[in-house]
Each structure stands twice: as structure tokens, then as C-alpha cells.
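First comes the structure, then the notes that go with it.
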């Protein structure tokens, strides 16, 4: 009877005291193996370049289905990279304007200060200096030259909100380009590089040495 019982258990699938069979355990093992293999396949796909034309961009609804739509998507990325470089150039140009408006004031009237000619006449060390005036008219002013400053400039309502908005737009466009590159699509990647090259070729001279 013991031998017959053992054969019967082997034929029907041995069940232990917890009620789980060997078939269930093997099924669980196969499921775990398939899950791990699928996860490793996904990680491998995300870490290598691919040339699939039907690569979604930003959403599943934006998936090129033909050569024309794929080419249009690449052109969009080129233009987006051009816009990004243009925004960087615009920010550098605007920052230069703000700095000039703040530090390069030509004439600042000083109340209660003696004229320059009177100061030079009393100063024996200033006899070698030369005073220039326009049409012989002397103004009670002092020239303030532009100089490099390292301290923080004061907060201005006419400047700082515009700067914050411009920085936000630059960051948004930059993250969109980063997401396009993260698809690991060769066409998308080359389009971003091409747009960056063209943008630097057109407006790179306006961009400050330290970019955003």
C-alpha cells in the first residue's frame, strides 16, 4: 500500500502539508524568471541606441507611422534646438542690457559738490591732468564708469520677473530636448545635435561664455 501510495502521489503531483504542489512552485519559478528577463530586456532597450521609426515622442499619440511623419518629427526637434540656442542668446543679450542700464550711467548729478575746475585748481598734484568739456560748458556732474561687480544686484520689479520667466522657458525647452534624447532614437538624437550646431552657428556669438 505504501508503494502504491507513493506512485499515486508521484502521478498526481505531490502535495506538502501547506497544500502547495510542486507544479505550482515550478510555475512561480517560471513566472519570476520571465519577469526578470523582461525587466532586463527593458533596461537593455533603454541603454542602447535604436533606429525604430515608430518611436513615441512625449506621448503615445505622437508616434510616427510613416517616413514623412518621422521626418517631420526630426525637423521639429531641429527647430526646437534652434529655439533653445536662440533663447540662450536672447538671455545673454538682455542681461547685458540690464547691466548697462544699471552700471553704465554716464552722468550723475552730485548736489553740493564743488566744480571740477575749482577742485583741480586747489590740487597741486592734478596740474598735469586735463579737463574736457563740451562747448566750454562745465556741468556739476561726476562720471560713473562701468565696472565689473561681484555683489548681488538689487531686486527690481522691471527686471527680475522677466528674468525668472525667461529662465523658466529655457528650462522647459531644455527638458523637452533631453526627453527626446532619452528615447535613444538615433534620428531624434542627431536632430537635436543638428539644431544645436545650426543655432550656435547663427547666434552663438551672442551667448555669454557661462551658459544657463
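Read-outs throughout are calculated quantities, based only on the coordinates presented, and are distinct from any laboratory measurement. The structure presented is a predicted model; accordingly, all values stated were derived computationally and were not measured. Note that each Cβ is placed from the backbone with ideal geometry, even for glycine, and that neighbours are counted across all protein chains shown.
Assuming R0 = 45 Å, what is the FRET efficiency of residue 182 and residue 102, from their Cβ-Cβ distance, to the nearest 0.05?
Working: r = 40 Å, r/R0 = 0.88.
Working from the Cβ atoms, E equals 0.70.
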For this session: Report the extension gain between residue 95 and residue 200 in nm, rounded to one decimal, defined as 0.36 nm multiplied by the number of residues separating them, less their alpha carbon distance.
Result: 35.9 nm
